[in-house]
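Report on the following structure.
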Amino acid sequence: MSHQETVSIVGLGQMGAALARAYIDAGHRVTVWNRSPGKAEPFQGQANVAATPEQACSASDLTIISLSNYEASDQVFRTPLVAAAARGRTLVQLTSGTPGDARSGAAWASSLGIDYLDGCILAYPSYIGGEQTAVFYSGPKDLYERHQPTLRVLGGATSHVGEPIGAAAALDCALLGSYYGATLAFLHGAAICASEKFPLDAYFEKFQTILPLTSITADMCKRMLSTGDFKGTDCTLDIHTNAIEHIVRLSRENDVDRRLPELVLSYFKRALQLGHGADEIAAVFNALQDPARG
Ligand code: NAP
């Protein structure tokens, strides 16, 4: 595409405002709309400020949606006026949701002749536009490729992750689940350090030393889950389980919340019951798949 596409941003929360800013900085003609007009004020003079979402949709080739959730998106978009304004144009849904939400959005769009991509942003707003910033899209590959130069403005690590419209949301939920689990775990580690008066600065500095181990373990899990063979020579589940028991015991002794390590321990113990005591840590996957769970 030789010319720069016109872009509308619907939703100027923390993320939507960063998306709008990136397109303005890249020289696109931008239109913005936000439910509360105050958030559009800073864009006066740099972007067209639409009075309604349908004005925003009809102003541009491509409209990006960044609202709190799909419920908000449905309230704004599923009206006859907005549907008529978006017909024959492209909507890019960057509101976070589930694969089911994405499928529902795509079915609605397709029934109205609207082109539709679903995406997820793996970054904080201040990183939008960065070379390393990852934004994943799913939906028709030719539609993605047609808009790729515009979509790439938001991040250098932009990619298409699958034709099924739910692919980006599935990947987002999987990666964010790891992120939130890891964040709670390292905050629990901080609580342990605080309970022993170990300096938190030193803890967070040393935290970096565990990151390569997480990456090595993810590689090991990738290999072992593809073969179903959990045999190895690094560390048995019996030994890992002992380590988690220490963490539970210390949490109990120091009156630190122990629900997280107890939950982790329950999965490791279930994997031991399933006969994986001599296997590597990847075998805990089978405890997650266990029909007897919950
Ligand atoms: P936010 O700052 O809370 O902004 C929420 C936006 O949704 C505001 O523009 C708000 O409008 C609008 N909104 C909520 N309910 C609405 C409704 N019923 N009708 C119309 N507008 C409504 O949230 P955010 O951080 O920008 O997040 C936006 C999306 O980006 C979310 O899906 C989030 O998961 C995703 N995301 C965020 C980040 C991040 O780091 N912030 C990272 C990746 C993905 P008002 O101003 O009128 O309230």
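Considering 29, 35, 21, which residue is within 11 Å of the ligand (Cβ to nearest atom) and basic (Lys, Arg)?
After applying the criteria, what remains is 35.
Scan region 237-294 for residues that are part of a helix (DSSP H, G or I), open to solvent by 70 Å² or more (accessible area, probe 1.4 Å) and small (Gly, Ala, Ser) and jot them down.
Correct list: empty.
Considering only residues of region 269-294 that are over 15 Å from residue 242 (Cβ atoms), of a type in the set (Gly, Ala, Ser) and over 29 Å from the mean Cα position of the chain (by Cα), which is modelled with the lowest pLDDT?
Checked region 269-294; the qualifying residue modelled with the lowest pLDDT is 292.
What number of residues in region 79-134 are part of a helix (DSSP H, G or I), within 16 Å of the ligand (Cβ to nearest atom) and not hydrophobic (A, V, I, L, M, F, W, C)?
8
Just one of (1) more than 20 Å from the chain's Cα centre (by Cα); (2) touching a residue at least 40 places away in the same chain (Cβ under 8 Å) trips up residue 175, so point out which.
All conditions pass for residue 175, except number (1).
Here's a check for you: in region 38-69, which residue that is open to solvent by 70 Å² or more (accessible area, probe 1.4 Å) and within 11 Å of the ligand (Cβ to nearest atom) is nearest to residue 5 (Cα to Cα)?
Result: 39.
Take the residues in region 1-19 that are within 16 Å of residue 91 (Cβ to Cβ) and among the hydrophobic types (A, V, I, L, M, F, W, C); name whichever of them is farthest from the chain's Cα centre (by Cα).
7
Please list, ordered by first then second residue, the pairs with beta carbon atoms under 7 Å, 6 or more apart or interchain, first in region 70-94 and over 9 Å from residue 57 (Cβ atoms) and open to solvent by 60 Å² or more (accessible area, probe 1.4 Å), second of a type in the set (Phe, Trp, Tyr) and more than 16 Å from the ligand (Cβ to nearest atom).
Sorted first by the residue in region 70-94, then by its partner, the pairs are 78/108.
The values are calculated or read from the model by the stated rules, or taken from the named source; none is laboratory data. For clarity, every value in this text was computed on a predicted model and none was experimentally measured. Glycine also receives a Cβ, built like all others from the backbone with ideal geometry; neighbour counts cover every protein chain displayed. The area values use the complete protein model at the heavy-atom level, side chains included, leaving out ligands, DNA and RNA. Shrake-Rupley method; radii C 1.70, N 1.55, O 1.52, S 1.80 Å.
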